[in-house]
Amino acid sequence: MRLAKSFTIDPDVNEYVDTTKGDRSASERVNELLKRAIAQERSERLAAEAAEFFAGEDSSRTETEAFQKAALRAFDRD
């Protein structure tokens, strides 16, 4: 289900959407770009979480395996 929402878009962004949308509507192109941005942000957050986790001096194999299992569950959700 799609919801009609109203957002303000910078003119540069609007111009980019118009030039890259092809045969699709501007709404479809904006949704595609937003989905890519969300996926990128999730990936960055996961990488930061992994870096923080592995930065600890006392990490053991058990903790590593627990993190790997949690990461796999996160990928399955996406």
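Laboratory data are not the source of any read-out in this text; all were calculated from the coordinates shown. Note that the structure is predicted; figures quoted are calculated from it, not measured. Cβ sites come from the backbone with ideal geometry, for glycine too, and all protein chains shown count toward neighbours.
For this structure, a couple of remarks:
- Extended-chain gain in nm, criterion 0.36 nm per residue less alpha-carbon gap, F53 and S6: 13.0 nm
- Lysines with Cα under 18 Å of K5, excluding same-chain neighbours fewer than 8 positions away: K35
- When Rg and Dmax of the Cα atoms in Å is calculated for this entry, the matching label among (i) 18.9, 55; (ii) 21.9, 77; (iii) 18.1, 63 is (i).
- Between R36 and A70, the C-beta separation translates, for a Förster distance of 25 Å, into a calculated FRET efficiency of about 0.55.
- In the chain, a dipole from Cβ-located charges (positive for Lys and Arg, negative for Asp and Glu) runs towards its positive end, and of F7, F54, F67 it is F7 whose Cα lies farthest in that direction.
- Dipole magnitude for the chain: computed about the Cα centre from +1 point charges on Lys and Arg Cβ and -1 point charges on Asp and Glu Cβ, it is near 480 debye.
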